[in-house]
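Accompanying notes for the structure given below.
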Amino acid sequence: MKKFELIFLCLLSLGLFSCTPKEETEQGPPPPPKVTVYETKARAVPIYQEFVGQVYGFKDIGISARVEGYLEGIHFEEGSPVEKGKLLYTLESQQFEADVAAKMSGVAGAETVKTESKTYLDRIKPLAEEKAVSQSDLDSAVATYEVGISSVKAAKANLRAAKIQLGYTKIYSPISGIIGKTKAKVGDFVGRQPSPIILNTVSRIDTVLVQFFITESQYLMFMRRHMADVKAGMADETERAELELILSDGSVYAHRGKGDFVNREVDPGTGALLIQASFPNPDELLRPGQFAKVRAEVEVVKDGILIPQRCVMELQGTFSVYVVGAENKIQAKEVKAGPKIESFWLIREGLKAGEKVVYEGLQKVRDKTVVEAKVIDVPLSSEEKK
């Protein structure tokens, strides 16, 4: 009986399981991955190059002691503006005053001798006419008088020189500008090595000069481009290119400058050529001694293709991008990248205008993947500011 019940329960359980319906688990194909794409367009792309330069005043005039002596007075505030003709330093003047007094005495003595010789000549002339004295006596009197005249001239010249030396004990600013930190203090002996000869510097900085170096090959490239522009009527022979200045904090200086000096020779030791540019400095933001980068336009690529840097994949020096082609299929393309322009690459070869390059979602796709693409616009930062 128990055996029969066991068989019945087994059959019942089989029947129950066989009556349970099967769950359908079939799924359709996954949706295509969504990506954003950047549509390329051709444009004129200026290429810039940066050069490290140093700032100088439009005029940097060294203030020097032209005579030797102890520094007696300083008559300015360091780092302040000074006007042309302002008294800056005074040196002890006693010895120069004494020399002037001595030279004045010399002039007086020479004048006395001249007067005496003139009186003697006036007295001897009538006697010579009457043959009361010899001709040689008259000639001697004339010569003595002429020597007296020369002696007076020499004494006066010595007096002028002594007064000039006395004047050098007062040192005035030769230009209007900003004066720097003094290199000597009151009581120092100045005007002779190893004592300070250059006491200070006054700089005119309403306009500043920036000097930088370029290579010989860069100079040739610039000149050939300029001559081609002149020949094509796109530039004047005297036209100077505008330059930008990038300050140490990365900011772009508000005023543009122009090149105004090219050295006459290439340095044979370095192969570099000195260039000088001038920049307006109305707010006196720039100071002599600062370092900055000079940015110059070196080339304009016609119909250039720019794409955001994040679109570009690099592997062992090879650059490639994913392009959405026909039927929304991904195509991997190798490209030749040029210089970086802000957050973009200039693509020299491999892309043309109107192609859609994957911008976001690179990790989701590979070659021949079908995608759902959305076009976005990524402007240059310089375009955003306009």
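Restricted to the stretch 200-236, and to residues that are within 26 Å of His255 (Cα to Cα) and small (Gly, Ala, Ser), which residue is nearest to the chain's Cα centre (by Cα)?
Here the answer is Ser203.
Yes or no, residue by residue, for (1) over 15 Å from Ile61 (Cα atoms); (2) touching a Ser or Thr at 6+ places or on another chain (Cβ under 7 Å); (3) modelled with pLDDT of 95 or more; (4) among the aliphatic types (A, V, I, L, M):
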{"residue": "Pro126", "(1), (2), (3), (4)": "yes, no, no, no"}
{"residue": "Ala132", "(1), (2), (3), (4)": "yes, no, no, yes"}
{"residue": "Leu138", "(1), (2), (3), (4)": "yes, no, no, yes"}
{"residue": "Tyr145", "(1), (2), (3), (4)": "yes, yes, no, no"}
{"residue": "Val152", "(1), (2), (3), (4)": "yes, no, no, yes"}
{"residue": "Leu166", "(1), (2), (3), (4)": "yes, yes, yes, yes"}
{"residue": "Asp188", "(1), (2), (3), (4)": "yes, yes, no, no"}
{"residue": "Ser195", "(1), (2), (3), (4)": "yes, no, no, no"}
{"residue": "Thr201", "(1), (2), (3), (4)": "no, no, yes, no"}
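Please report, ordered by residue number, the strands (runs of 3 or more DSSP E) entirely within the stretch 213-285 with at least 2 residues that are exposed (fewer than 15 other Cβ atoms within 10 Å of the Cβ), modelled with pLDDT of 90 or more and not hydroxyl-bearing (Ser, Thr, Tyr). Show your work before the answer.
Details: elements: 242-246, 257-262, 272-280.
Answer list for the stretch 213-285: 257-262.
Taking the conditions exactly as written (surrounded by 14 or more Cβ atoms within 10 Å (Cβ to Cβ), among the basic types (Lys, Arg) and either in contact with a strand residue (DSSP E or B) (Cβ under 8 Å, 6 or more places away or on another chain) or at positive phi (or both)), does Lys59 satisfy them or not? It is true that Lys59 is surrounded by 14 or more Cβ atoms within 10 Å (Cβ to Cβ), among the basic types (Lys, Arg) and either in contact with a strand residue (DSSP E or B) (Cβ under 8 Å, 6 or more places away or on another chain) or at positive phi (or both).
Residue by residue, here is whether (1) among the aromatic types (Phe, Trp, Tyr); (2) within 19 Å of His226 (Cα to Cα) holds:
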residue: Ala272; (1), (2): no, no
residue: Phe279; (1), (2): yes, no
residue: Glu284; (1), (2): no, no
residue: Arg287; (1), (2): no, no
residue: Lys293; (1), (2): no, no
residue: Lys302; (1), (2): no, yes
residue: Arg310; (1), (2): no, no
residue: Met313; (1), (2): no, no
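Find the residue count for the stretch 72-103, including only residues that are in contact with a Ser or Thr (Cβ under 7 Å, 6 or more places away or on another chain) and assigned to a strand (DSSP E or B). Qualifying residue count for the region: 7.
Strands (runs of 3 or more DSSP E) wholly in the stretch 299-346 with at least 3 residues that are surrounded by fewer than 16 Cβ atoms within 10 Å (Cβ to Cβ) and not polar (S, T, N, Q) - which ones? Talk me through it step by step, then tell me what you get.
Numbers: elements: 313-315, 318-324, 330-341.
Of the strands (runs of 3 or more DSSP E) lying wholly inside the stretch 299-346, those with at least 3 residues that are surrounded by fewer than 16 Cβ atoms within 10 Å (Cβ to Cβ) and not polar (S, T, N, Q) span 313-315, 330-341.
Filter the stretch 176-195 down to residues that are closer than 12 Å to Phe76 by Cβ and among the hydrophobic types (A, V, I, L, M, F, W, C), then give me how many there are.
The initial filter retains those residues of the stretch 176-195 that are closer than 12 Å to Phe76 by Cβ, namely 177-182.
With among the hydrophobic types (A, V, I, L, M, F, W, C) added as a condition, the list becomes 178-179.
Total meeting the criteria: 2.
Just one of the listed residues (Glu242, Glu265) is acidic (Asp, Glu) and within 21 Å of Glu50 (Cα to Cα), and it is Glu242.
Out of all the residues in the stretch 169-184, is one or more of a type in the set (Lys, Arg) and in contact (Cβ under 8 Å) with a residue 40 or more places away in the chain? Yes, the conditions are met somewhere in the stretch 169-184.
The residues of the stretch 54-105 that are more than 11 Å from Lys170 (Cβ to Cβ), over 31 Å from the mean Cα position of the chain (by Cα) and of a type in the set (D, E, K, R), listed by number, are Glu68, Glu92, Glu97, Asp99, Lys103.
In the stretch 61-85, what residues are charged (D, E, K, R) and over 16 Å from Lys181 (Cα atoms)? Step through it out loud before you land on a result.
From the stretch 61-85, those charged (D, E, K, R) are 66, 68, 72, 77-78, 83-84; that's our starting set.
Arg66, Glu68, Glu72, Glu83, Lys84, listed by residue number.
The values are calculated or read from the model by the stated rules, or taken from the named source; none is laboratory data. Since the model is a prediction, treat every value here as computed from it, not as a measurement. Glycine gets a Cβ as well: all are built from the backbone with ideal geometry, and neighbour counts include every protein chain shown.
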